[in-house]
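Asker: One structure is given below, represented as structure tokens, and several questions about it will come after.
The values are calculated or read from the model by the stated rules, or taken from the named source; none is laboratory data. Source: prediction; values computed, not measured. No Cβ is skipped: glycine too gets one built from the backbone with ideal geometry, and neighbour counts run over all protein chains shown. Just the protein is used for accessible areas: all its heavy atoms, side chains included, with ligands, DNA and RNA removed. Shrake-Rupley method; radii C 1.70, N 1.55, O 1.52, S 1.80 Å.
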Amino acid sequence: MEPIRFRPPLYEQRYEFVKTYINTHKPKKVADLGCSECSLLHKLTFWDCIEELVGVDIDEDILKRKGYTLSPLPIYYLEPLERSLTVTLYHGSVSEKDPALLGFDLITCIELIEHLETEDLEKFQDVLFGFMAPNAAVISTPNVEFNVLLSENPRFRHPDHKFEWNRKEFQSWALNISRQYNYTVEFTGVGQAEPESKDVGYCSQIGIFRKNYTESEASMNVKKSCRSVYKRVFHVVYPSIQEEKYLRKVVLRIALSHAERMKTNFLHNLFPEDQEEKNSMVDNEKEPCVVSGWFSSLKSPAETEESVGKPPFLEGDAVHVPLETLFAIPKVKELCGSLEVLQNMMTGEVILSSNGSAIVYPLHVENDLDSDMSDA
Ligand code: SAM
């Protein structure tokens, strides 16, 4: 018998299912129970709507070995996320209650329940639906009916499985729980057999549970006061412009690169003999930007500087670039909200005019640089 090969692989199809659910429902707080090697969590770090990701597994070693895969990409320190994002891994059992898992929009349990002994499964259902009580839960588990298409001697698919349910068993478990904890459930799955084979359902059966009520604050407070039992083994806060220090870095990077460019162009116009050098700089400006993401979608100074605000001007022996002009850059305006905030961010980073309305670039620094260059 030719074993079925799923394309994409079945585990990928389960992750795709979760991603599609997330795209539609945009949960902010997502937890994955039985997260194992953190593969699903890793994919979810790239999802724009998610601000908090939590993984729980009883296997501490695997969390410690794989936690690093959830660290922010180095590029995020140059180009921080627009949203905030924290990722935390806990070592613990899903049959135990811990307040760290309260208040989630979505909890996924992908191929987890079949690893639980009957006693733990009973505790788990109370922990998940009674205590954690997420707005939604996605539970996937093998459908034993499909096993005839996987092997001539259909047994459990994995030696650690404590049970494998047929569709009726899974659905009656899920419907009972939904009634008991006031959820509604919908059934689907991933991994389909060829159309000509007999109807055995999906290879992985999935229940999508949605909470029918809003929990009272009083009930949440009682739960929050529960003793913590999970052990935190990994925690990271992603660089994000929601944090003042990263917001400031981003604003300064955008505004100062524009200001530098405006000053340089102003000086080239002032000293037309440098026209040749200017042309080569303009050519350089046409180089494509290699950074990806929202930062790279910003318009170049060449595209914006002529169109908005007051131009740079000479006062004394310094070029002045008005902050008002920099504030007119749409991204700067969006990030700062007011000219005053931009001014505060600039303070201490550059020389400002006495009334704080412009960045001051003294000309003699330019001359020093020029002579340094010609020496070299
Ligand atoms: N969800 C993972 C995925 O889709 O890639 C795979 C899950 S793996 C088949 C089952 C995981 O459940 C294992 O990592 C195991 O350590 C974990 N597990 C088993 N019993 C558990 C329990 N009581 N509490 C938490 N995790 C448990």
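Asker: Test residue 163 against the stated conditions and say whether it is part of a loop (DSSP other than H, G, I, E, B) and either modelled with pLDDT of 95 or more or crowded, with 20+ Cβ neighbours inside 10 Å (or both).
Answerer: Yes: the conditions hold for residue 163.
Asker: Looking at 266, 209 in this structure, which one is at pLDDT 95 or above, aromatic (Phe, Trp, Tyr) and in contact with a strand residue (DSSP E or B) (Cβ under 8 Å, 6 or more places away or on another chain)?
Answerer: The conditions single out 209.
Asker: Within the range 46-65, can one find any residue that is of a type in the set (Lys, Arg), modelled with pLDDT of 95 or more and closer than 26 Å to residue 243 by Cβ?
Answerer: No, the conditions are met nowhere in the range 46-65.
Asker: Follow-up. Can you tell me which residue within the range 99-114, out of those that are open to solvent by less than 20 Å² (accessible area, probe 1.4 Å) and in a strand (DSSP E or B), is farthest from the ligand (Cβ to nearest atom)?
Answerer: 106
Asker: Could you pull out the residue among 143, 135, 176 that is more than 9 Å from the ligand (Cβ to nearest atom), closer than 30 Å to residue 197 by Cβ and of a type outside the set (Asp, Glu)?
Answerer: Result of the check over 143, 135, 176: 143.
Asker: Restricted to the range 166-198, and to residues that are charged (D, E, K, R) and under 11 Å from residue 143 (Cα atoms), which residue is least open to solvent (accessible area, probe 1.4 Å)?
Answerer: Here the answer is 167.
Asker: Taking the options 174, 137, 193, name whichever one is in contact with a helix residue (DSSP H, G or I) (Cβ under 8 Å, 6 or more places away or on another chain), of a type outside the set (Phe, Trp, Tyr) and at pLDDT 95 or above.
Answerer: Criteria check complete, one pass: 137.
Asker: Moving on to the next point. So residue 16 ticks every box in (1) more than 12 Å from the chain's Cα centre (by Cα); (2) within 13 Å of the ligand (Cβ to nearest atom); (3) open to solvent by less than 50 Å² (accessible area, probe 1.4 Å) but one. Which box is left unticked?
Answerer: Against the list (1) more than 12 Å from the chain's Cα centre (by Cα); (2) within 13 Å of the ligand (Cβ to nearest atom); (3) open to solvent by less than 50 Å² (accessible area, probe 1.4 Å), residue 16 comes up short only on (3).
Asker: Would you check which residues across the range 115-132 are within 12 Å of the ligand (Cβ to nearest atom) and under 17 Å from residue 184 (Cβ atoms) and list them?
Answerer: Within the range 115-132, 128 is the sole residue that qualifies.
Asker: Restricting to the range 115-131, and then to whatever is touching a helix residue (DSSP H, G or I) at 6+ places or on another chain (Cβ under 9 Å) and without any contact (Cβ under 8 Å) to a residue 60 or more places away in the chain, can you tell me which residue is most open to solvent (accessible area, probe 1.4 Å)?
Answerer: Per the criteria, the residue is 126.
Asker: Just the residues that are open to solvent by 40 Å² or more (accessible area, probe 1.4 Å) and of a type in the set (Lys, Arg), please, taken from the range 57-98.
Answerer: Selection gives 64, 65, 66, 97.
Asker: If you don't mind, another one. Checking residue 66 against (1) outside the structural domain of residue 147 (by TED's automatic domain parsing); (2) without any contact (Cβ under 8 Å) to a residue 40 or more places away in the chain, which single condition isn't satisfied?
Answerer: (1)
Asker: Looking at 57, 32, 48, can you tell me which residue is within 16 Å of the ligand (Cβ to nearest atom) and more than 18 Å from residue 103 (Cα to Cα)? Break it down into steps so the answer makes sense when it comes.
Answerer: Values: 32 fails: more than 18 Å from residue 103 (Cα to Cα); 48 fails: within 16 Å of the ligand (Cβ to nearest atom).
The match here is 57.
Asker: Sort out for me the strands (runs of 3 or more DSSP E) sitting completely within the range 303-362 that have 1 or more residues that are of a type in the set (Phe, Trp, Tyr) and at negative phi.
Answerer: Where strands (runs of 3 or more DSSP E) fall fully within the range 303-362 and carry at least 1 residues being of a type in the set (Phe, Trp, Tyr) and at negative phi, they are 313-315, 358-362.
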